[in-house]
Amino acid sequence: MQPDPDRRLAVERFSVDVAMDYYRNRGWTVRELQKPFDLNCTRGSESLHVEVKGTAGMPGTVNLTPNEVDHAWKHRTDLFIVYDIRLQDNPDEGPDAPRYIGTFGVPVLIPGWRPDKSDISVRSLTYRVPWDQAEDLIDDASRTSAQS
């Protein structure tokens, strides 16, 4: 995962742009959604969902949400990955211009993607903190001086 949010955003944007170009060049009408999947593609009566992943590194693993996996199990979905993405400073310095832009990436496609459970590993968990059980360790005097 990209630690710099501007770089992460540029990798994501470049990946989606490459995927959109790929499907449009094959006659699909493409609409960007982001959730519960990235692209909705239609061509005549055909409909296809596309999950897009991008990485500045080499291929290996990609991060998925449980919803992305669940959606792919239930709907016709392609997994479109762009790896080895190269970024450069954006020459456009407008107020809404992104800091970085993608200049190169290697696209790969897994058509009809159905994630196999054996290929999924849990690397992190989200913990809901029971705040009603937490003890506040900062006394009122410290809290007041810290806010000043």
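Please treat every number below as a calculation from the coordinates, not as lab data. Computed from a predicted structure; not experimentally measured. Every residue, glycine as well, gets a Cβ built from its backbone with ideal geometry; the counts of neighbours run over all protein chains shown.
Under the condition of being farther than 18 Å from Arg8 by Cβ and either in a strand (DSSP E or B) or of a type outside the set (Gly, Ala, Ser) (or both), the residues counted in the stretch 87-140 number 33.
Per the conditions (1) without any contact (Cβ under 8 Å) to a residue 40 or more places away in the chain; (2) over 13 Å from the mean Cα position of the chain (by Cα); (3) in a loop (DSSP other than H, G, I, E, B); (4) surrounded by 13 or more Cβ atoms within 10 Å (Cβ to Cβ), the sole criterion not satisfied by Pro59 is (1).
Conditions tested, residue by residue: (1) touching a residue at least 40 places away in the same chain (Cβ under 8 Å); (2) under 23 Å from Cys41 (Cα atoms); (3) not polar (S, T, N, Q).
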residue	(1), (2), (3)
Val69	yes, yes, yes
Ile85	yes, no, yes
Asp96	no, no, yes
Arg99	yes, no, yes
Pro111	no, yes, yes
Lys117	no, no, yes
Arg128	no, no, yes
Trp131	no, no, yes
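Against the test of being surrounded by 11 or more Cβ atoms within 10 Å (Cβ to Cβ) and touching a residue at least 40 places away in the same chain (Cβ under 8 Å), the options Thr65, Thr29, Thr77, Thr42 yield a single qualifying residue, Thr77.
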